[in-house]
1. To the nearest 20 Debye, how big is the dipole of segment 204-309 about its Cα centre, given +1 on the beta carbon of each Lys and Arg and -1 on that of each Asp and Glu?
2. Given a cut-off of 26 Å, name the pairs among 40/267; 40/110; 267/334; 229/293; 54/110; 54/267 whose C-alpha atoms lie farther apart than that in the structure shown.
3. What percent do you get for the relative contact order of segment 190-262 when only Cα pairs under 8 Å and 6+ apart count?
4. Quick check: Cα centre of segment 176-218 to Cα centre of segment 103-130, how many Å?
5. With the dipole of the chain worked out from charges on the C-beta (+1 for Lys and Arg, -1 for Asp and Glu) around the Cα centre, which of 168, 327, 239 lies farthest toward the positive end?
6. Rounded to the nearest percent, how much of the accessible area of the chain (1.4 Å probe, protein heavy atoms only) is carbon and sulfur?
7. With just the Cα atoms defining each centre, how far is segment 269-290 from segment 1-53? Give it in Å.
8. Suppose only helical runs count, i.e. DSSP H with n ≥ 4. What mean residue ellipticity at 222 nm does that imply for the chain under -39500 (n - 2.57) per run, divided by all residues and rounded to the nearest 500 deg cm²/dmol?
Amino acid sequence: MMNKIAPPPHCSFEPDDWLRLAGYWYPVARACDVGNAPQKATLLDEQLVIYRLKGQIVVARDVCPHRGVPLTLGFQEEEGIVCPYHGLRFGENGRCNRIPSSPGQTIPAKLNLTTFPARERYGLIWTCLAPAQDTDAPLPSMPHWDDAGFQQITCPPFDVAGFAGRQVEGFLDVAHFAWIHTATFADPDNQEVPDYSPAETPYGFSVDYWSTVGNYPASAEHRGPGGFKWLRRFDMYLPFTATLTIHFPGESRLVIMNAASPVSARKTRMFAPIARNFDLHVPVEDVHAFNHKVFEEDRLMVETQRPERLPLDLALEAHIPADRSSIAYRRGLKKLGFGEFFLV
Ligand code: FES
Ligand SMILES: [Fe+2]
């Protein structure tokens, strides 16, 4: 049962912005981490419980409809998750299927968890808190994930103490490679940013960025052919998910999805599915570790930027020619109606 949704108590967003943000899909867990046991997640300040039952994923408010105790304090049974306070049990679709104190009585139809739609894609569980009534909004799409020869890797999530918009803007930013990412893939002597121009798309914008900045680990530099031009294709799915397709020499491709899930206005949980068609013998743990290292390099910048949120009025920060993606990003958000909230 889909209930009318409103911003949760103690919401850190303005109500209008919250409602707008709530209309999009965000990942809330890795699919491999969700089983029958109730699992906790927070999205846009809403506390959620996630569990699987009989092949179905349930994403619901983490509030028992009886007396409001979080289901994540409860435990699993074969037929559902059990609230620890009075033992009500909730199964498929979040329906109550047991009231221990009156086992012989019919269960009121209203005794349901407040559920949200759930989809499993790119190794992640996605949900949307306020889906539009008449449209089936698409998830961000990820190039090559389903292509033959590609390996799918879903990195463990990690938390950033900052606003999702700042993190995503950093992911799109190509001028910081030579400053922040020199211990992983970038070259401190290759600082110049060649021209590039973002193009608007129905979902946000895309950018083809050509440069000589390689993407092999810094420790394996010899693998890059001299003078090779690297293509980095960014696809921005407003508001907070972007994919980056890196064209390695030959037919080798690496795709990274940067799915920033807004826990609150000040906290973000990052999910990063990866697809690649080379180095398939390299253990996935090594890919997790390399990717984690790159994101860690960004952490201090993203967590200390001020204002904490993202000024959408372009007059409020200075811009340099390398910022065309950042500018496209802010314009895109503004066009969707986001505004004052993105200032502190
Ligand atoms: S509060 Fe959950 S069963 Fe009573
Ligand atoms: Fe970065």
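The values are calculated or read from the model by the stated rules, or taken from the named source; none is laboratory data. Here the structure is a predicted model, which means the values were calculated and not measured. For neighbour counting, all protein chains shown are included, and Cβ atoms are generated from backbone atoms with ideal geometry for every residue, glycine included. Side chains are part of the model used for accessible areas, which takes the heavy atoms of the whole protein and leaves out ligands, DNA and RNA. Shrake-Rupley method; radii C 1.70, N 1.55, O 1.52, S 1.80 Å.
1. On the way: 13 positive and 12 negative charges, 67 e Å.
For segment 204-309, the charge dipole is close to 320 debye.
2. Numbers: 40/267 15 Å; 40/110 23 Å; 267/334 21 Å; 229/293 24 Å; 54/110 22 Å; 54/267 33 Å.
Violating the 26 Å Cα-Cα cut-off are 54/267.
3. Numbers: 120 pairs, mean separation 17.1, N = 73.
Contact order relative to length: 23 percent.
4. 41
5. 239
6. Numbers: 8390 of 15990 Å².
On the chain, the fraction of accessible area on carbon and sulfur atoms equals 52 percent.
7. 27
8. Numbers: 5 runs with 53 residues, N = 344.
Taken over the chain, the calculation gives -4500 deg cm²/dmol.
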